[in-house]
Each structure stands twice: as structure tokens, then as C-alpha cells.
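Encoded as C-alpha cells, the structure appears first; notes follow it.
The values are calculated or read from the model by the stated rules, or taken from the named source; none is laboratory data. Source: prediction; values computed, not measured. Don't worry about glycine lacking a Cβ; one is built from the backbone with ideal geometry, like all the others, and counts go over all protein chains shown. The accessibility values were calculated without ligands, DNA or RNA, using every heavy atom of the protein model including side chains. Shrake-Rupley method; radii C 1.70, N 1.55, O 1.52, S 1.80 Å.
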Amino acid sequence: YMTVTVHLNPRDARLFKKHAARSGMTLSDFAAKAMRERIEDELDRQAYEEAMKEFRANPVTYTLDEDEKELGLS
């Protein structure tokens, strides 16, 4: 494990500790989970932006029937 120090104001520290306890987590687990979720959200946003960029460059769509036929599912 690695130790990380985070400086919180007393109000935030109480809020985070209470929420972590209500969720059955330690403050460390709560913080790690929140950071992982933030990273996942950012990666999702980046994937969305790349997909939209590709779609704008080639705005072709297919129906479900067309997709199934292309994949040999129908």
C-alpha cells in the first residue's frame, strides 16, 4: 500500500467520514472509490467525445436489422 496525505477543512472531513461510515467503508476506501469513479467518468467522457468526432466525420447509421444481417445474426 501507499500512503497519501489529503488536507481537508474540518467541515469536509466530517462530511466525508460520516458518508463513508454510512456506506460501511473506511475513509480511505471511500476516497479510493471516489477517485476510481472519477477516472472512469473521465475515460467515458473521452470515449464519447472520440465516438462523436468519428460520427461527425462519417454520420452513417444502421438499423438493428441491418446490424444483425451484417453480423450474420439474421
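With the condition kept exactly as written, say whether any residue in the stretch 14-33 is modelled with pLDDT of 95 or more and within 11 Å of the chain's Cα centre (by Cα). There is at least one residue in the stretch 14-33 that is modelled with pLDDT of 95 or more and within 11 Å of the chain's Cα centre (by Cα). Of the residues making up the stretch 4-49, those that are surrounded by 12 or more Cβ atoms within 10 Å (Cβ to Cβ) and either of a type in the set (Lys, Arg) or in contact (Cβ under 8 Å) with a residue 24 or more places away in the chain (or both) number 3. All conditions but one from (1) without any contact (Cβ under 8 Å) to a residue 24 or more places away in the chain; (2) aliphatic (A, V, I, L, M); (3) in a helix (DSSP H, G or I) apply to Leu73; the one that does not is (3).
Open to solvent by 90 Å² or more (accessible area, probe 1.4 Å), in a helix (DSSP H, G or I) and either in contact with a strand residue (DSSP E or B) (Cβ under 7 Å, 6 or more places away or on another chain) or without any contact (Cβ under 8 Å) to a residue 40 or more places away in the chain (or both): does that describe Met52? No; evaluated as a whole, the condition is false for this residue.
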